[in-house]
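Just so it is clear, none of the values below were taken in a lab; they were calculated from the coordinates. Just so we're clear, the structure is a prediction, and the values are computed from it rather than from any experiment. Cβ: placed from backbone, ideal geometry, glycine included. Neighbour counts: every protein chain shown.
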Amino acid sequence: MNISTHSSSFLIRYECRSCVFFISILLSVVMFSSSKHAYAQYHYCSWNRLTMHMPMSKQWSTDAELQARWQSGLGSKNMFDEQLLLSYRQWVHYKINNRFRLSFSPFAYFNAYPFITKPGDEALTSSIEYRLAIAAEYMVQVSDKLLLNSRVGAEYRMFEKIDNNWRTRYRIGGKYGIGKKYNVTGNYELLFTTHNRDALSHLDNERVWATVGRNLTTKLKAEIGLMHLRRKINNNQIFVREADILFNITYSLANEN
């Protein structure tokens, strides 16, 4: 048997077992945290993102992200009734090797509107938030078409009207290529928040989503997808459940090195 082939096969099996172990841990966390909660009105939202990607070298790249989100009104299923979010975020990425990537966001600005759960919410003013964030991503190329990944991150959130807080993110997912132009992705993410007055972290966001992507040109990519989300809207046990449509556009200002 070819030694290099045997080593590659062993490495893939080892990495797959690592992914399964990581997924099992996350699923255990989900089961532990999925106790009964009170839910507000079901929301319908549209999440839209434009990303300008700039490769700077084989290891370094940067992204500028613009986001716009809308939400349904009280008793409505129209996801464009009311504004939900406008934001800008800058990312800097460092690719250590084909498996590891570190990311840092030195600046992010969010203008968020309240979720509409009761009469009068649509008249409330928006709140301003600034963020600093760091993340690490681990990727496993299982085959020519299948890529598995896991990502952990932390962000410090600074508000104008309420106390600042820390939030951590844990995500697992995968991407499967279809031909040269299409791909399908699936992701699951948990977000935990720690408030200054509270020493414990609490689950405040759970997301499951899938997208279909297409390479329109060598520099332009588009994605459309669906997401189910449950989100805590205040410090009690009230959650909002969302059915969201995702639409993302990514444009690369230069070819990858």
Subject >> Distance (nanometres) between label positions extended 7 Å along Cα→Cβ at Lys77 and Ile245 >> reply: 1.3 nm
Original post:
So how far apart, in nm, are the two label points at Leu50 and Leu226 if each is 7 Å from Cα heading toward Cβ?
Top reply: 2.8 nm
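Number of Lys-Lys pairs in the stretch 67-191 under 18 Å by Cα, sequence gap 8 or more or different chains? Intermediate results must be reported in sequence, preceding the final value.
On the way: Lys77/Lys118; Lys145/Lys175; Lys145/Lys180; Lys145/Lys181.
Total qualifying Lys-Lys pairs in the stretch 67-191 comes to 4.
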**OP:** Please report, to two decimal places, log10 I(q)/I(0) for the stretch 38-252 at q = 0.10, 0.11 Å⁻¹ as given by the Debye formula with identical point scatterers on the Cα atoms and no solvent.
**Re:** -0.48, -0.58
**OP:** Please work out the FRET efficiency for the pair Ser143 and Tyr109, using the Cβ-Cβ distance as r and a Förster radius of 35 Å; give the result to the nearest 0.05.
**Re:** 0.30
